[in-house]
Amino acid sequence: MPFGPRVRGTQLGKTSIMKAAYINQTGSPETILYGDLPDPKPRRTQCLVKVAAVAVNPIDTYIRSGLVPARLTFPFIVGCDLAGTVVEAGAGVTRFQVGDRVWASNQGLLGRQGTFAELAAVEQRWLYPTPANATDEQVAALSLVGITAHLGLVRDARLKTGEILFVNGGSGGVGSAVVQMAKILGARVITTAGSEEKVRICQELGADLTINYRVQDVGAAIRAFAPEGVNVWWETLREPDFLRTVPLLSMRGRMILMAGREASPAFPVGPFYVKGCSLHGFAMFNATPREQRAAAQDLNRWIAEGRLKARIDRVLPLSESAQAHRLQEESTIQKSGALAGKIVLKP
Ligand SMILES: NC(=O)c1ccc[n+]([C@@H]2O[C@H](COP(=O)([O-])OP(=O)(O)OC[C@H]3O[C@@H](n4cnc5c(N)ncnc54)[C@H](OP(=O)(O)O)[C@@H]3O)[C@@H](O)[C@H]2O)c1
C-alpha cells in the first residue's frame, strides 16, 4: 500500500496533518507561514495529490499581497501549479486512479485553495496526466505559463506557420514558453533579453532573433528582421507602449495583452484600425476547463516529444516559500532581473 494515509501525513490524534505554506492575512512575503495544517479531504470529484513539486507565478504574489483582491478562506494555501501523484480518488473521479502521476494549474484562484503543501485536493477537471519521460519539476514549472502561452497563441492570436511573432522577455516564465511554442507552431520568433547570458538562453530556446533591450534599439532591430511588420505581438510588460509597438505590427497583426492591471497608456487608433489589427486580452484563470485541457493535451505531447522544456531558474525547498515570493516580486515587479525562468519548490 505505497500511498496509504499513514505515509502521507502525520497522525495527530484523529487528524492527519501536513506541511503547507499559507497565509492568515494578505501582506508582505513574510506573511507566508510554513507549518502544519490538516490534510485536505477530497470531495467526490476530487483527487488527493501527494505534491512533488510546485512553481511560483507572479499572480501568487499579487494574491498574497492583496494587490489582486481575491476570495480567500484563511488559512489560505498559496500557489497555482503542482505536480505529483494521486493518493486518493473521490467516488466520482473517472479520469484518474491512485498511483497516477498528474499536474495541475489554476488552483489558489476563484475560491480554490492553493498548491504549496504536501497534499492538495484538486477537481479532476483541472488535472492532467504527466508524461512518463517528464519530471515533476518540469511539468510544475510549465503548467500555468504553458497553458497561458497556448491560449494566447492558439485560441486568441491563431498563430500560423511562417508568421513572425514578437515576445518581450524570452527567458521569462511566460516568454520562454511563448518562444518555444511559437517555434513548434512554425513561426519565426523575435524576442528580447536584458543580459548577454539571457540572450544565450533565448537562442537555446529557439528564438530566431534575440535583441538585448538594454543596449540595442529594439524597434530598429524588429524593422530590419520584419520589414512588413510583426504578425503577432505578445506583450508581457506591465506598462505596454502602444505608440512604439502599434507601428511595428503587420497588416492584420494581432496583439496579446495579459499584464498590467493598472496600465492606462496612450493608444494610436489610426495605424491600428487601418491595418486591420486586433487586440486580445485574457487572464488564463478565466479560461474554461475544456479550453485549459485542450492546451494541456498539446503541452503534454510536446513535452513527451522533447520539444517543449521548462525554463527553471532554481529549485528550493517548500519551507522557503516566503523567500521565493520575495525573489519573484523583485524580479517581475521591481525588475531586478534576478530570475531567468521559474522558481520550483519541493515539499
Ligand atoms: N494574463 C495571464 O493569464 C497571465 C499569465 C501569466 C503571467 N501573467 C503576467 O505576465 C507578466 C509576466 O509574467 P512572467 O511569469 O513571465 O514574469 P517573469 O518570469 O518575471 O518575466 C518577465 C520578463 O519581462 C522581461 N522584461 C522586463 N523589463 C523589460 C523591458 N524593459 N523590455 C523587455 N523585456 C523586459 C524580463 O526580461 P529580463 O529578465 O531579460 O530583464 C523577463 O523575461 C506578469 O505581470 C504576470 O503577472 C499573466
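Laid out as a table, the results:
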| quantity | calculated |
| --- | --- |
| Rounded percent of accessible protein surface that carbon and sulfur make up, the chain, 1.4 Å probe | 52 percent |
| Selection of GluC sites (Glu not before Pro), segment 268-347, meeting DSSP coil and at most 16 other Cβ within 10 Å | E305 |
| Too-long pairs where the Cα-Cα distance tops 23 Å, listed order kept, from K160/K342; K50/K335; K183/K342 | K160/K342; K50/K335 |
| Net charge dipole size for segment 239-291 [Lys, Arg +1 and Asp, Glu -1 on Cβ; Debye, nearest 20] | 240 debye |
| The chain - share of DSSP beta bridges that are antiparallel (%, nearest 5) | 55 percent |
| Percentage relative contact order, the chain, counting C-alpha pairs under 8 Å, at least six apart | 18 percent |
| Dipole magnitude (debye, nearest 20) for the chain, charges at Cβ of Lys, Arg, Asp, Glu | 800 debye |
| Paramagnetic reach from E197 in segment 144-175 [backbone N under 20 Å; point 7 Å along Cα→Cβ] | 169-175 |
| Length added when fully stretched, A283-N133, from 0.36 nm per residue minus Cα-Cα | 51.0 nm |
| Inter-probe distance in nm under a simple model that places probes 7 Å from Cα toward Cβ, at R223 and E239 | 2.3 nm |
| Karplus-derived HN-Hα couplings along segment 82-98 (A = 6.51, B = -1.76, C = 1.60, θ = phi - 60°), whole Hz, x at Gly and Pro | 7, 9, x, 10, 5, 10, 7, 10, x, 4, x, 7, 10, 8, 9, 9, 4 |
| Among 155-168, 253-266, the order from most to least packed when residues are scored by Cβ within 10 Å on average | 155-168, 253-266 |
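The values are calculated or read from the model by the stated rules, or taken from the named source; none is laboratory data. All figures in this text were calculated on a predicted structure; none of them were measured in a lab. So basically every Cβ, Gly included, is an ideal-geometry build from the backbone, and we count neighbours across all protein chains shown. Areas reflect the complete protein model, heavy atoms only, side chains present, ligands, DNA and RNA absent. Shrake-Rupley method; radii C 1.70, N 1.55, O 1.52, S 1.80 Å.
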